[in-house]
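Reading through the structure tokens given below for one structure.
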Amino acid sequence: NSLLGNDLMLTALSLARQLSRVLPGLRCVLLKSRSVAKVERQLVLPEAFAAEEGPVPRAWLPRVIPAVGVKEYRAAARSWLDRHPGRQRVLEIGCHVGTSTALLAEAVQGRGGFVAGVDVSRSIVERATALHSGRAAFGVADAWDAAGLVRVWGELQATHGGDDEAGGGA
């Protein structure tokens, strides 16, 4: 299972730990952040990930893959999905207008997967929904409110065709 985030600050490592407690199936957090890209502890750089090298975090910690820029972010996300070809449930945190979310949805299409994006801005989520209706689900959630994020994730899965484990890990 995957959890993908975008444009999160350095404290996203704290978020990854917090989310791993409430989403036990969480296995990956993907960030687009220059500052996070410089942190080495708990991180696997995209190049090392692509070569299947680099540190493996403790079993209870999700792997964190920092990406610089949208192109690297999307390539790393696609690589993760390609390496885990089963039925994926993907939540993109900070989805903005949903372009990356829709591309991720295309990647899991035909595999029974489910992709949703959340953003803190209702107007941004409305725009994402208008642009990508039918390709991915979108909702309003604050990434720093883990309980609220999990609730919205479950609602999106239940409402838009995610699997039966609506409250489960991302």
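The values are calculated or read from the model by the stated rules, or taken from the named source; none is laboratory data. Predicted model only: the values in this text are computed from it and were never measured. Don't worry about glycine lacking a Cβ; one is built from the backbone with ideal geometry, like all the others, and counts go over all protein chains shown. Side chains included, ligands, DNA and RNA excluded: accessible areas come from the protein's heavy atoms. Shrake-Rupley method; radii C 1.70, N 1.55, O 1.52, S 1.80 Å.
Applying the selection to the stretch 116-128, what residues are open to solvent by less than 60 Å² (accessible area, probe 1.4 Å) and of a type outside the set (Asp, Glu)?
Correct list: Ala116, Gly117, Val118, Ser121, Ile124, Val125, Ala128.
Taking only pairs six or more apart or across chains, which ones have beta-carbon atoms under 7 Å, a first residue in the stretch 68-80 that is of a type in the set (D, E, K, R), and a second residue that is open to solvent by 60 Å² or more (accessible area, probe 1.4 Å)?
As it stands, the answer is Arg74/Leu103, since those pairs meet every condition given.
Only one residue in Arg63, Arg21 is at pLDDT 75 or above, over 27 Å from Ser133 (Cα atoms) and either basic (Lys, Arg) or open to solvent by less than 70 Å² (accessible area, probe 1.4 Å) (or both). Which one?
After applying the criteria, what remains is Arg21.
Scan Ser79, Ser100, Ser133 and give me the residue that is open to solvent by 60 Å² or more (accessible area, probe 1.4 Å) and among the polar types (S, T, N, Q).
Ser133
Could you look through the stretch 82-97, keep only residues that are touching an Asp or Glu at 6+ places or on another chain (Cβ under 8 Å) and part of a loop (DSSP other than H, G, I, E, B), and pick out the one that is surrounded by the fewest Cβ atoms within 10 Å (Cβ to Cβ)?
Arg87
Please state which one of Ser100, Ser2, Ser35 is closer than 20 Å to Arg135 by Cα and modelled with pLDDT under 65.
Only one candidate passes the filter, namely Ser2.
Do we find a residue being more than 24 Å from Gly86 (Cα to Cα), modelled with pLDDT under 95 and assigned to a helix (DSSP H, G or I) anywhere in the stretch 157-166?
So far as the stretch 157-166 goes, no, none of its residues is more than 24 Å from Gly86 (Cα to Cα), modelled with pLDDT under 95 and assigned to a helix (DSSP H, G or I).
Quick check on the stretch 103-115: of everything there that is among the aliphatic types (A, V, I, L, M) and free of Cβ contacts under 8 Å to residues at least 40 places away in the same chain, which residue is surrounded by the fewest Cβ atoms within 10 Å (Cβ to Cβ)?
Selected residue: Leu103.
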